[in-house]
1. Among the listed residues D316, D266, D250, identify the single one that is touching a Ser or Thr at 6+ places or on another chain (Cβ under 8 Å), modelled with pLDDT of 95 or more and of a type in the set (D, E).
2. E162: of a type in the set (D, E, K, R), in contact (Cβ under 8 Å) with a residue 24 or more places away in the chain and either assigned to a helix (DSSP H, G or I) or more than 15 Å from the ligand (Cβ to nearest atom) (or both), yes or no?
3. When A192 is evaluated against the numbered criteria (1) surrounded by fewer than 19 Cβ atoms within 10 Å (Cβ to Cβ); (2) free of Cβ contacts under 8 Å to residues at least 24 places away in the same chain; (3) more than 20 Å from S312 (Cα to Cα), which criterion, by number, is the only one it fails?
4. Looking only at residues that are farther than 16 Å from D51 by Cα and buried (at least 18 other Cβ atoms within 10 Å of the Cβ) in the range 134-147, which one is farthest from the chain's Cα centre (by Cα)?
5. Among the candidates R320, R307, R302, which residue alone is basic (K, R), under 30 Å from R173 (Cα atoms), out of contact with any Asp or Glu (no Cβ under 8 Å at 6 or more places or on another chain) and not in a loop (DSSP other than H, G, I, E, B)?
6. Among (1) without any contact (Cβ under 8 Å) to a residue 24 or more places away in the chain; (2) over 20 Å from E115 (Cβ atoms); (3) under 18 Å from the mean Cα position of the chain (by Cα), there is one condition K218 misses while meeting the rest; what is its number?
7. Filter the range 175-198 down to residues that are within 14 Å of the ligand (Cβ to nearest atom) and touching an Asp or Glu at 6+ places or on another chain (Cβ under 8 Å) and give me whichever is farthest from P116 (Cα to Cα).
8. Return the only residue of G106, G59, G76 being modelled with pLDDT of 90 or more, over 20 Å from A255 (Cβ atoms) and not hydrophobic (A, V, I, L, M, F, W, C).
Amino acid sequence: MIRHGWTDKINKNTTLNEFFGKEEFKKNINEIEVKSVLNKAKKRDSWFLLDYSLNPYSGCSFNCLYCYIRGSHYGGDTVQRLQIKSNAAEVLKKQLKRRVKKGEYGIIGIASSTEPYNELEKELKLTRRLLEIIARFKFPVSILTKSTLVLRDMDILKEINENAILPPDLKPRLKGGVIVSFSFSTPDEKLAKIFEPNAPSPKERLETLQKFKKEGFKTGICFMPVLPFLSDSEKHIEKMVVMAKNYGADSILTAGLTLFGDKPNDCKTVYYKAIEKHFPEFLEKTKKLFGEKFHPDPKYQRELKERADRLSEKYDIRNRLI
Ligand code: SF4
């Protein structure tokens, strides 16, 4: 069910213009009601240790050019797809109550498929409300974000970090109930501006990570997607690893780019267009690397992994969360 109630409320609220400032954006905000907001994984995700996933929004205001949530079906702009799950809090309460009765404590991934701290969150505080509920039910969380706004919720995250009930097998391996990770496609400010036009800069993300580290949280960097021929060189990966180490990340997970679709709004098409515009010398190489597939050829992936693993080892930073 899609409604436009928030659009009306936000139209009366002048601050939307202040914080995002696009008429087009306001027109496209949709409110949806969902039956389920907490999804249980069949098996714990081995990379991110997630037992559950929770996405307060769908779509995203950051509009990264490589983002797989864009697509012909939804439009070429992740902002256009931005939807608020307006009944998420009440649904989450019911779902967590049931899980607690069964003793099914596990790490909740926020958010596995969108940005939990997109521009709307500043005003709506939906992610914050969901964290308050999670704190009450004592579930551990793993947050993945590109935003500095996560700092606002440090108070609730501290409570979760101290009180969450960890799944028995993770108890000996995790000190607290919160992991805060930041995602990067590059540590380079200029490149990031091209490919992640609305997201906070890499430096801002690193400084935010550092603040969480100083407060005793487990912190990580997800260097994904690494951009072929742009951020995959030895020098570039080394720069990311060194920055991760210097700013206090406990781990760095590295993975390559995936690109989907061939319609005008699909991320593969949008990404190729950006390469053509900004780095035409890499267009043919990039196309050849992917061919008809959604991932680079296996040799490239193997070499990228070896490079990243070697550099993590050199700088003594884990290439796994635990
Ligand atoms: S921040 Fe994440 S969800 Fe948002 S557009 Fe970028 S890659 Fe997509």
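1. On the way: D316 fails: touching a Ser or Thr at 6+ places or on another chain (Cβ under 8 Å); D266 fails: modelled with pLDDT of 95 or more.
Going through D316, D266, D250 in turn, the sole match is D250.
2. Values: of a type in the set (D, E, K, R): yes; in contact (Cβ under 8 Å) with a residue 24 or more places away in the chain: no; either assigned to a helix (DSSP H, G or I) or more than 15 Å from the ligand (Cβ to nearest atom) (or both): yes.
The answer is no for E162.
3. Here A192 meets the rest and fails (1).
4. Within the range 134-147, the first condition is being farther than 16 Å from D51 by Cα, and the residues that meet it are 135-136, 145-147.
Then drop every residue that is not buried (at least 18 other Cβ atoms within 10 Å of the Cβ), which leaves 135, 145-147.
Numbers: A135: 21, T145: 4, K146: 6, S147: 9 Å.
Top of the filtered list is A135.
5. Details: R320 fails: not in a loop (DSSP other than H, G, I, E, B); R307 fails: out of contact with any Asp or Glu (no Cβ under 8 Å at 6 or more places or on another chain).
Step by step, each of R320, R307, R302 is checked, and only R302 is basic (K, R), under 30 Å from R173 (Cα atoms), out of contact with any Asp or Glu (no Cβ under 8 Å at 6 or more places or on another chain) and not in a loop (DSSP other than H, G, I, E, B).
6. Of the numbered conditions (1) without any contact (Cβ under 8 Å) to a residue 24 or more places away in the chain; (2) over 20 Å from E115 (Cβ atoms); (3) under 18 Å from the mean Cα position of the chain (by Cα), the odd one out for K218 is (1).
7. That would be S185.
8. Numbers: G59 fails: modelled with pLDDT of 90 or more; G76 fails: modelled with pLDDT of 90 or more.
The match here is G106.
The values are calculated or read from the model by the stated rules, or taken from the named source; none is laboratory data. Every value quoted in this text rests on a predicted model; they were computed, and no experiment measured them. Counting neighbours? That spans all protein chains shown, and the Cβs are built from the backbone with ideal geometry, glycine included.
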